[in-house]
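Participant: Got a structure for you, questions after.
None of the figures in this text is laboratory data; all of them are computed from the coordinates on show. Treat the numbers as computed from the prediction; the structure is a model and nothing was measured. When we count neighbours, we look across all protein chains shown, and the Cβ atoms used for this are built from the backbone with ideal geometry, even at glycine.
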Amino acid sequence: MGGFFAISLGGNLRNTRRAFDRALRVLVSNKNLGFTGCSPVLRTEPWEIVSPAFLNQVVTGYSRIGAPGLWELLVRTERREIRRGKGKQYPRTLDLDFLLFEGVSSPRRDLVLPHPRLSRRPELMKLLALAKGSPRSAVLRIAKGRISPSGPGRGGGQ
């Protein structure tokens with residue numbers, strides 16, 4: 001039922017970094033998830049929409065709850081944060097995208113894996129590669145509450 005996962009965190013409103021911290025603390029506190037990698041935070045231009053620039057980060061790990069259970073956890077975590085408007089493209093402090101799940105997954109109409117636009121987003125592919133190749137110390141920063149590892153492309157105060 002479990003397997004390897006990759007999740008992206010994104011946001012483009014003030015306090016996005018704090019939203020990342022809160023979301024990752026929720027995820028790290030879940031005993032069914034083990035984290036193996038964490039990318040730096042990268043500032044990226046909007047993709048297919050007109051909006052402020054985004055901050056993005058990718059984390060990887062292993063889940064014992066399967067893709068549907070992890071997806072439900074991501075949805076609940078994301079809903080705790082601020083979003084302007086009700087559409088998918090509105091600015092927000094936190095957008096959690098389920099990028100990959102490598103393991104047994106039960107089908108759901110509302111969950112498509114890998115993420116259907118992942119291959120068309122080179123910034124996320126770069127962050128995914130960085131997360132997969134990150135040292136164990138990056139994951140330890142998550143567990144100790146220092147969520148955003150330093151690195152190239154760190155965005156300013158969003």
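Participant: What is the dipole size for the range 3-143, taken about its Cα centre, with +1 at each Lys and Arg Cβ and -1 at each Asp and Glu Cβ, in debye to the nearest 20?
Facilitator: 380 debye
Participant: So what is the orientation-averaged projected area of the range 3-143, using the convex hull of its C-alpha atoms, in nm²? It would help to have the intermediate numbers written out before the result.
Facilitator: Details: hull surface 31.4 nm².
Mean orientational projected area (the range 3-143, Cα hull): 7.9 nm².
Participant: Moving to a separate point now. Quick check: pseudo-label points 7 Å beyond the Cα along Cα→Cβ at residue 14 and residue 110, how many nm apart are they?
Facilitator: 3.2 nm
Participant: Quickly rank 113-123, 48-58, 32-42 as a protection proxy: mean count of other C-beta atoms within 10 Å, highest first.
Facilitator: 32-42, 48-58, 113-123
Participant: Moving on to the next point. According to a simple spin-label model (label point 7 Å from Cα along Cα-to-Cβ), what is the distance in nm between residue 125 and residue 76?
Facilitator: If labels sit at residue 76 and residue 125, their model points lie 3.5 nm apart.
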